[in-house]
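The values are calculated or read from the model by the stated rules, or taken from the named source; none is laboratory data. Just so we're clear, the structure is a prediction, and the values are computed from it rather than from any experiment. Quick reminder, even Gly has a Cβ in these numbers, built from the backbone with ideal geometry, and neighbours come from all protein chains shown. Protein only, heavy atoms only, side chains kept; ligands, DNA and RNA dropped before computing areas. Shrake-Rupley method; radii C 1.70, N 1.55, O 1.52, S 1.80 Å.
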Amino acid sequence: MTYFFETYGCQMNVAESAAMEFVLKERGWTPSGDAEEADLVVINTCSVRATAEKRVLGRLAHYQALKKKRPFTLMVTGCMAERLGEKLKERVPAVDYVMGPAYRSRFPLILEAIEKGTPFVETDEAPVYRFASSHLEEGAFRSFVPIMHGCNNFCSYCIVPYVRGREVSRDPASILEEIRLLADRGVREITLLGQNVNSYRWEGPLSFPEGPWELQVWREGPLTFAGLLELIAQTIEGTPIRWVRFLSSHPKDFSPEVIRVLAEHPVFCRHLHLPVQHGSDRILSAMNRRYTKGQYLDLVARLREALPGLSLSTDILIGFPGETEEDLEATLDLMEKVRFLYAYMYHFNPREGTAAYSLPNRVPEEVKRQRLARVIELQKHHTREQLKSRLGSPVRVLIEGISRKNADEVLGRTERDEMVVVPGDASLIGTFGEVTLSSLRGNTFRAKEFVPCHGD
Ligand code: SF4
């Protein structure tokens, strides 16, 4: 039998789709290159913005029409499935299964029912988020590794805590087991995932299987993100995994301990995504971010001191209710002081079900657009300026794929998250090499020669 995935939203959804594919393949299912021919279509959805949900509803209408021509199973997973539940079936009757992330343990049972052509019988089990054991896409040289799920922060504009639920940390034994599997399969780079990785906290027993990895846990009390990073650094020593990244970090939870561990282990890439959202203390407080502009700048200073060469990216949300020109100036000032390498910039759109939905003093659409344009303009300038300052530098890159513009070139990424095009072919994908950044086109560097890193 064949399946087809449509995945929307964040990297957590990408990882969860990969985990579901793993289960499908273990059961003998094969991927279909064409949704129009698949026996099972899974839409993994995002609820963060109303536009993302609208897009999914459009796709569901398409599949509803397709179902009139041929039979297949249509399943909706992800945040929209969690948020709307069975109501989604009332809205789009062609949907056969709605499975929110907390119900993912039902997936094999649903598959069994599809395979046998029998109805799926729901159990009374309470919804609990369970981490999958592997998120590796076949043949991939890098992989996501979820370490925690959910969020307790309730930023006033964000729907995530309502759809993903409270924070749950994954058993470190299972995280390290997955990382070992990835190392055995020759993976070169991993990205630890969670809505707020810095609040990782494991209070259960620490039991690691015997093996060539003798792990040392010398701390008393719960295992924090810093302790987990130390265990990961020990686990991947001597394996093909050379780079470790993590996403996303809440600035208020970025502890000095984590900074110390990052500084001690160069395997953690010198790039951090540190969402700031705004530069005005008044707006940060209304957003319930629980840090001030001064605290954010202090964190950036400590990070830069401990991690030379660090690049930073961020998220910036403009036009929050009550935002004034002065608040905008505070954001532009913060950007001037930090100099992010790049930023995801967007304007506020009220999301039903969040605290900010009913806030008064909404900023008019036109003003939001104008302010966002100023922020984007400044960021473009900072990106350009920083990239130009890197010209002539020797850097290590991991080759990711063939260049879209020229089949004789490949595209690589530096640990600072900069893109570089170098001459080469598909045989280089998944390998590390040294290059010199010789020119810049748009935001992509070019290098004349790729020197493979032997033994790497
Ligand atoms: S930290 Fe805030 S923005 Fe991030 S997922 Fe949690 S509530 Fe949403």
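Structural remarks
- For region 33-47, the set of residues classified as in contact with a Gly (Cβ under 7 Å, 6 or more places away or on another chain) and surrounded by fewer than 17 Cβ atoms within 10 Å (Cβ to Cβ) is empty.
- Region 306-332, residues that are charged (D, E, K, R) and under 30 Å from Pro256 (Cα atoms): Asp315, Asp327, Glu329
- Sole exception among (1) within 16 Å of the ligand (Cβ to nearest atom); (2) more than 21 Å from Arg201 (Cβ to Cβ); (3) touching a Leu at 6+ places or on another chain (Cβ under 9 Å) for Ser285, by number: (3)
- Of Phe120, Phe107, Phe22, all but one fail to be within 22 Å of Glu137 (Cβ to Cβ), surrounded by fewer than 19 Cβ atoms within 10 Å (Cβ to Cβ) and among the hydrophobic types (A, V, I, L, M, F, W, C); the exception is Phe22.
- Checked against the criterion of being open to solvent by 20 Å² or more (accessible area, probe 1.4 Å), of a type in the set (Asp, Glu) and either free of Cβ contacts under 8 Å to residues at least 12 places away in the same chain or on the phi > 0 side of the Ramachandran plot (or both), the candidates Asp417, Asp408, Asp425 yield just one match: Asp417.
- Considering residues of region 143-170 that are out of contact with any Leu (no Cβ under 9 Å at 6 or more places or on another chain) and away from the ligand (no atom under 12 Å from the Cβ) only, the residue least open to solvent (accessible area, probe 1.4 Å): Arg170
- Counted residues, region 121-159 - those being in a strand (DSSP E or B) and either within 27 Å of Ser427 (Cβ to Cβ) or of a type outside the set (A, V, I, L, M, F, W, C) (or both): 6
- Taking region 373-386 as the range and being open to solvent by less than 10 Å² (accessible area, probe 1.4 Å) and either closer than 23 Å to Arg270 by Cβ or part of a loop (DSSP other than H, G, I, E, B) (or both) as the test, the residues that pass are Gln379, His382.
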